[in-house]
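*Asks:* Let me give you the structure first, and then I'll get to my questions.
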Amino acid sequence: RPTDPSVFQNWRARYAVQRASPLVCPNQGLANELSILRRARELEGLEKNALAYERAIGMIKSYPHRITRESFKSDISKLPGFGGKTASKVLEYIETGSIPEAQTTLTSERYQSLSLFASIYGIGPTKARQFYDMGMRSIEDLERYYDVAPGATLKTPAELDEFMREMEAEVAFTPNGKRVRREGTVPDITVPVALALRGELDAPIPRDEVEEMRDVVMRELAELQPGCVSTIVGGYRRGKPMSNDADIVISHEDWEKGKTLIPGLCKRLCARLYQKGLVTHVMHLSGFHGYNALRTEHWDSLEKALTVFKLKPIPENPVRIHRRLDLIFALPESYWTAVIGWTGSKMFQRDLRLWAKQEKGMKFDSVALTRRHDTRRFLPKSEKEVFDILGLPWIDPTMRNA
Ligand code: TTP
Ligand code: MN
Ligand code: MN
Ligand code: MN
């Protein structure tokens, strides 16, 4: 289904979900420079600032012409968020082809260390700043801190078992008394594993390998449970030639049976992949939380496994390396919202939620689409239906790179 043509004309629109945002835009160089400033603000914990830059970058990504002094004046300067500071950065770029502050940022020791630390999966800006304040500067400092030998392959036979046991033990109850599982509280292995496997996890994954990973996962899943369906989401679905990880949303083809077949399946699949040596580490495993339309955040209300995965060598491909693999299990009624939610981009998702709330009196998240005043839940049967219910023109996933 082609993107609704209106969204290509819609570059003035306020919400990213009303605009087409290609992977590479006519002003990509400018977007990249601004992204350095956005990242710097994020690493410093200046979230509002970072978001302002992210919004400005989003607007630029949708602008279909090369920005010149003239078009800056007639178009860009009139867009929301292009007041004083951002405008002056854009002007600097138009005049000189770069933004001085972005270039200084790139060479600063603080930015280099913070972005290096935060490039390790499991380390966010806050932890990165703590390490910097402790005097740490390099990956070697991190390795000493976590006591990880460079290149070590951590063997963790006990870890998944422990996750599994915790999952069984930790039981929570919803307000209406329904029994649900709660996420385990086992020691976090994420950073040590990510550090030890850094060289491999850093390597971008080509599209055909993402597909191969999905095929292997779905073949194993079919042995446990026939009739499952899946969509590769994340950056892959937005058309990125290389991905940092593989993200797969899984559900069941049978709307009714899926309600009972899907819960618990994520964990069982993980155990199977682990036994087969395909999943080597599980960073995070969360069970199904009962859906509560009144909760504001259900980021975690799906069954998820954030793992490290390694394909088996084959003659055509004798050397395999560790890859990050995210598996997301959704009930059939949540499948299409989960697919949209996990397709991203983060900016696109943020504006989808905002649009639903501010313009439609609805609540969108990866679990459900509901009407706010009476919490009536919609049951979309396709991705297009979600857009229709939200009164949005269809945007192909490859145009959701806001
Ligand atoms: P990511 O895999 O983190 O990012 P990405 O696929 O867009 O890009 P990359 O190539 O670097 O992997 O997340 C995929 C999408 O899933 C992201 O756009 C937002 C969403 N998401 C959630 O809904 N919940 C989560 O907990 C995370 C981590 C992501
Ligand atoms: Mn990180
Ligand atoms: Mn991804
Ligand atoms: Mn991911």
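The values are calculated or read from the model by the stated rules, or taken from the named source; none is laboratory data. Keep in mind it's a predicted model, so treat the numbers as computed, not measured. Here Cβ is always computed from backbone atoms with ideal geometry, including for glycine, and neighbour counts include all displayed protein chains.
*Asks:* Could you please give the count of residues in region 202-219 that are closer than 28 Å to residue 118 by Cα, touching a strand residue (DSSP E or B) at 6+ places or on another chain (Cβ under 9 Å) and in contact (Cβ under 8 Å) with a residue 40 or more places away in the chain?
*Replies:* Residues that pass the stated criteria total 5.
*Asks:* Then there is this: So how many residues does region 325-353 have that are surrounded by fewer than 22 Cβ atoms within 10 Å (Cβ to Cβ), within 15 Å of ligand 4 (Cβ to nearest atom) and either in a helix (DSSP H, G or I) or without any contact (Cβ under 8 Å) to a residue 60 or more places away in the chain (or both)?
*Replies:* Residues flagged as surrounded by fewer than 22 Cβ atoms within 10 Å (Cβ to Cβ), within 15 Å of ligand 4 (Cβ to nearest atom) and either in a helix (DSSP H, G or I) or without any contact (Cβ under 8 Å) to a residue 60 or more places away in the chain (or both) within region 325-353 amount to 2.
*Asks:* Taking region 234-266 on its own, how many of its residues are within 14 Å of ligand 4 (Cβ to nearest atom), on the phi > 0 side of the Ramachandran plot and not in a helix (DSSP H, G or I)?
*Replies:* Number satisfying all stated conditions: 0.
*Asks:* Looking at region 54-68, is at least one residue over 30 Å from residue 6 (Cα atoms) and assigned to a helix (DSSP H, G or I)?
*Replies:* No - not one qualifying residue is present in region 54-68.
*Asks:* Would you point out which residue out of 383, 333 is touching a Leu at 6+ places or on another chain (Cβ under 6 Å) and over 26 Å from residue 193 (Cβ atoms)? Step through it out loud before you land on a result.
*Replies:* Working: 383 fails: touching a Leu at 6+ places or on another chain (Cβ under 6 Å).
Exactly one residue qualifies, and that residue is 333.
*Asks:* Follow-up. What about residue 220, is it away from ligand 1 (no atom under 16 Å from the Cβ), in contact with a helix residue (DSSP H, G or I) (Cβ under 8 Å, 6 or more places away or on another chain) and modelled with pLDDT of 95 or more?
*Replies:* Yes; evaluated as a whole, the condition is true for this residue.
*Asks:* Quick test of your reading of the structure: residue 74 fulfils all but one of (1) in contact (Cβ under 8 Å) with a residue 24 or more places away in the chain; (2) over 21 Å from the mean Cα position of the chain (by Cα). Name the failing condition by number.
*Replies:* (1) is the only condition that residue 74 fails.
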